[in-house]
Amino acid sequence: MSPKRLAPTGAHLLVAQLEWLLGVAVIVAVLAMNLRGLPGSMLGDDFSHFNVIAQTDRQGQLAEWLLGNFVRPLGNGNFAYRPILFLSYALDWRLWGANPVWSHLTNLALHVVNSLLVGYLAHRWASRRPTTAGIVAGAVFAAYPFAGEVTFWIAGRADLLAALFGVLFLLTLRGPPGRRLAVAQTLRIVLLFLALLSKESAIPLPLIGTVLLVTQRWAEDEPGRWNSGVARSMVAVREALPIWVAFAAYLAWRFWLFGTLSSVYTESRTPSGLGEYLDRLALLRTLGERQSDLPWPTLWPIVFVLLLSALALIWARAQPGRKSASVMAAFVIAGAIYVLSPALSFPAAGATGEGARNYYVAWSFVSTAIGLFAEQSRLTRAVSILFAGWMLLGQDGSMRQWQEAARLMRAVTNAVPALAREIGPDRYAALLLPDHIGVALFARNAQDGIVIRPTQRFDYLDRMAGMTEPDIDHWRALLANGGLDALHGRHLAIEAFAGVFCFNEGMRFVKIDQGGAIPGPDWPETLLRKAATAGCVLGDRT
């Protein structure tokens, strides 16, 4: 005879209502932080992506180009294979052109959907209080502390899409073996391919999926029955085989395209030893120190570690059951794999704090684990809520930096037509712009895109181009060798060089170099000094 189910008390109902209020409050806060930065602007790689799509569409070759991305490299010098991402950009272009507002909103909508899916993932795997686990996991994920690089930067959509299809893939793993297994396997393979074709950050998914399948089968067994648990685990491994076959096909296809299995950039390489790997991994500290933008940079990471440590200690003392412990350990392992993997190819983050997008998918596992922690006791729930609040503080700092950069870039692009008229059609100028501002990318990979269509109504590349601070030496070398031909595409004597303009805090371009002559060896230092004197917007040269 089954035990009688007790009706929830008033206290339990109040707690449940407060939990839902928490979830709604976090989503509202995330929406408010994102929306305050509109209309904003494209930044960095956004320009190059939309310029290619717009130019291809003007030539009537957009559909052919998009389909071709599935069977050939992009031709931009790296090994990125993300045709799903460019399909989404093309949809943006056809719906609302190069208007960044709607592209920003698309990214935001994807983040909210991902947050709900992560909450549902935790709900599916929870064993004690599924609602608590789901709400806390969804809230923690929504409060991703480095979200500016993912939700506000349009190019961060690759990680949003990889997370979307990755979490959907994980949701197909939950359930008894044999129940519509053929349908489930087909769906898993489709979702795995969609994630992999969105961004290479989905590459660890087959391993994560296998770990979760084994955990699920192992946790279903009775405690103490080792042989039966091993047998169930072997069933789970066999169930995962189709995933691995599909993954092997992806790797083979990728190797045929690029000659490499997983490298994304030409400079990607495995570390020479443990020391170099640890040096790369140590750069993770820059995310906490630079993204949160607090007066005391180490405050955010210190509190972050303290809150995580408190959760782990409280959970250990609570002595959770075998099933709960196994599931939480599986998600912690999944998160660790994702956090540790990027440093196998390149530094974990940049000195400026850039690189947070590479850990967005990892955050889905961290958030799920924290949701499962939260269901263990009132104390773990309270600490988890504090954790979500602290993450929001970090997100606010990250978002403000990206939004300030977007505000400045919008002013820059608006000022280009007037400057083009001032320069005239027979001269050529360099626009000195920051590579990045704080953690936010600014003009990197956008030097030409800022002055041509679709950002501008007309192409102004015949009279100016962007020059980021790290590019000054390169420009000097070109000019010293009569490089205006290389910069412009038609013959112009050095006397036609109109000089260098920078963008100052008065929201206008000012001239800091008269041009007309080959610059000397001290030109880079002179330009930066004059730019600072003129009150121009500068980044740091790290």
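The values are calculated or read from the model by the stated rules, or taken from the named source; none is laboratory data. Note that the structure is a prediction, hence the values are computed from the model and not measured. Positions of Cβ are generated from backbone atoms using ideal geometry, with glycine treated the same way; all protein chains shown enter the neighbour counts.
I'd like the residue in the stretch 370-424 that is of a type in the set (Gly, Ala, Ser) and not in a helix (DSSP H, G or I) and, out of all such residues, is surrounded by the fewest Cβ atoms within 10 Å (Cβ to Cβ).
The first filter runs over the stretch 370-424 and keeps only residues of a type in the set (Gly, Ala, Ser), leaving 371, 374, 377, 382, 384, 388-389, 394, 397-398, 405-406, 411, 415, 418, 420, 424.
Okay, now just the ones that are also not in a helix (DSSP H, G or I), so 377, 424.
Details: 377: 17, 424: 12.
Looking at residues that are of a type in the set (Gly, Ala, Ser) and not in a helix (DSSP H, G or I), I get 424.
In this structure, is residue 94 in a loop (DSSP other than H, G, I, E, B), among the charged types (D, E, K, R) and either over 21 Å from the mean Cα position of the chain (by Cα) or within 30 Å of residue 259 (Cβ to Cβ) (or both)? Show your work before the answer.
On the way: in a loop (DSSP other than H, G, I, E, B): no; among the charged types (D, E, K, R): yes; either over 21 Å from the mean Cα position of the chain (by Cα) or within 30 Å of residue 259 (Cβ to Cβ) (or both): yes.
When the stated conditions are applied, residue 94 does not pass them.
All but one of (1) crowded, with 21+ Cβ neighbours inside 10 Å; (2) at pLDDT 85 or above; (3) touching a Ser or Thr at 6+ places or on another chain (Cβ under 9 Å); (4) under 30 Å from residue 288 (Cα atoms) hold for residue 450; state the number of the condition that does not hold.
Going through the list (1) crowded, with 21+ Cβ neighbours inside 10 Å; (2) at pLDDT 85 or above; (3) touching a Ser or Thr at 6+ places or on another chain (Cβ under 9 Å); (4) under 30 Å from residue 288 (Cα atoms), residue 450 breaks only (4).
Residues of the stretch 502-542 being part of a helix (DSSP H, G or I) and among the hydroxyl-bearing types (Ser, Thr, Tyr), which ones?
The answer is 526, 533.
Looking at 141, 165, 146, which is the one that is of a type in the set (Phe, Trp, Tyr) and either assigned to a loop (DSSP other than H, G, I, E, B) or not assigned by TED's automatic domain parsing to the domain that holds residue 239 (or both)? Let's see the steps before the verdict.
On the way: 141 fails: either assigned to a loop (DSSP other than H, G, I, E, B) or not assigned by TED's automatic domain parsing to the domain that holds residue 239 (or both); 165 fails: either assigned to a loop (DSSP other than H, G, I, E, B) or not assigned by TED's automatic domain parsing to the domain that holds residue 239 (or both).
Just a single option satisfies the conditions, and that option is 146.
Name the residues in the stretch 369-392 that are hydroxyl-bearing (Ser, Thr, Tyr) and either more than 12 Å from residue 22 (Cβ to Cβ) or in contact with a Lys or Arg (Cβ under 8 Å, 6 or more places away or on another chain) (or both), would you?
Of everything in the stretch 369-392, those that are hydroxyl-bearing (Ser, Thr, Tyr) and either more than 12 Å from residue 22 (Cβ to Cβ) or in contact with a Lys or Arg (Cβ under 8 Å, 6 or more places away or on another chain) (or both) turn out to be 377, 380.
Condition (residue is surrounded by 24 or more Cβ atoms within 10 Å (Cβ to Cβ), among the basic types (Lys, Arg) and in the same structural domain as residue 48 (by TED's automatic domain parsing)) applied to the stretch 129-138: is it met by at least one residue?
Within the stretch 129-138, none of the residues are surrounded by 24 or more Cβ atoms within 10 Å (Cβ to Cβ), among the basic types (Lys, Arg) and in the same structural domain as residue 48 (by TED's automatic domain parsing).
Name the single residue that is farthest from residue 163 (Cα to Cα) among those in the stretch 106-128 being surrounded by fewer than 19 Cβ atoms within 10 Å (Cβ to Cβ) and touching a residue at least 60 places away in the same chain (Cβ under 8 Å).
Taking the candidates together, the pick is 128.
Take the stretch 22-32 and flag every residue that is surrounded by 23 or more Cβ atoms within 10 Å (Cβ to Cβ) and modelled with pLDDT under 95.
Answer for the stretch 22-32, where residues must be surrounded by 23 or more Cβ atoms within 10 Å (Cβ to Cβ) and modelled with pLDDT under 95: just 26.
Return only the number of the condition from (1) surrounded by fewer than 18 Cβ atoms within 10 Å (Cβ to Cβ); (2) modelled with pLDDT of 90 or more; (3) under 27 Å from the mean Cα position of the chain (by Cα) that residue 174 does not satisfy.
(2)
Only one of these is in contact with a helix residue (DSSP H, G or I) (Cβ under 8 Å, 6 or more places away or on another chain), among the small types (Gly, Ala, Ser) and surrounded by fewer than 17 Cβ atoms within 10 Å (Cβ to Cβ): 318, 330. Name it.
Details: 330 fails: surrounded by fewer than 17 Cβ atoms within 10 Å (Cβ to Cβ).
Result of the check over 318, 330: 318.
Where residues in the stretch 336-369 are outside any helix (DSSP H, G or I) and among the hydroxyl-bearing types (Ser, Thr, Tyr), which of them is surrounded by the most Cβ atoms within 10 Å (Cβ to Cβ)?
Among them, the one singled out is 352.
Here are 344, 340, 432: which of them is in contact (Cβ under 8 Å) with a residue 40 or more places away in the chain and more than 22 Å from residue 283 (Cβ to Cβ)? Steps first, answer last, please.
Numbers: 344 fails: more than 22 Å from residue 283 (Cβ to Cβ); 340 fails: more than 22 Å from residue 283 (Cβ to Cβ).
After applying the criteria, what remains is 432.
Kindly indicate whether residue 490 is modelled with pLDDT of 90 or more and either closer than 19 Å to residue 47 by Cβ or not in a strand (DSSP E or B) (or both). Before you say what the answer is, go through the steps one by one.
On the way: modelled with pLDDT of 90 or more: no; either closer than 19 Å to residue 47 by Cβ or not in a strand (DSSP E or B) (or both): yes.
When the stated conditions are applied, residue 490 does not pass them.
Report, ordered by the first and then the second residue, all pairs with beta carbons closer than 8 Å, sequence separation of six or more or different chains, a first member in the stretch 234-261 that is buried (at least 16 other Cβ atoms within 10 Å of the Cβ), and a second member that is in a helix (DSSP H, G or I) and of a type in the set (Phe, Trp, Tyr).
Sorted first by the residue in the stretch 234-261, then by its partner, the pairs are 236/218; 246/193; 250/193.
Among the numbered conditions (1) over 18 Å from residue 194 (Cα atoms); (2) surrounded by fewer than 17 Cβ atoms within 10 Å (Cβ to Cβ); (3) not polar (S, T, N, Q), tell me where residue 62 comes up short.
Checking residue 62 against (1) over 18 Å from residue 194 (Cα atoms); (2) surrounded by fewer than 17 Cβ atoms within 10 Å (Cβ to Cβ); (3) not polar (S, T, N, Q), the one that fails is (2).
Out of (1) touching a Leu at 6+ places or on another chain (Cβ under 6 Å); (2) farther than 30 Å from residue 147 by Cα; (3) surrounded by 22 or more Cβ atoms within 10 Å (Cβ to Cβ), what's the single condition that is false for residue 492?
Among (1) touching a Leu at 6+ places or on another chain (Cβ under 6 Å); (2) farther than 30 Å from residue 147 by Cα; (3) surrounded by 22 or more Cβ atoms within 10 Å (Cβ to Cβ), the lone unmet condition for residue 492 is (3).
Here's the yes/no breakdown for (1) over 19 Å from the mean Cα position of the chain (by Cα); (2) aliphatic (A, V, I, L, M); (3) at pLDDT 90 or above; (4) not assigned by TED's automatic domain parsing to the domain that holds residue 303:
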| site | (1), (2), (3), (4) |
| --- | --- |
| 202 | no, yes, yes, no |
| 218 | yes, no, no, no |
| 225 | yes, no, no, no |
| 241 | yes, yes, yes, no |
| 254 | yes, no, yes, no |
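Listed residues 315, 300, 363, 296; which is over 16 Å from the mean Cα position of the chain (by Cα) and closer than 20 Å to residue 402 by Cβ?
Numbers: 315 fails: closer than 20 Å to residue 402 by Cβ; 363 fails: over 16 Å from the mean Cα position of the chain (by Cα); 296 fails: closer than 20 Å to residue 402 by Cβ.
Sole residue among the options that is over 16 Å from the mean Cα position of the chain (by Cα) and closer than 20 Å to residue 402 by Cβ: 300.
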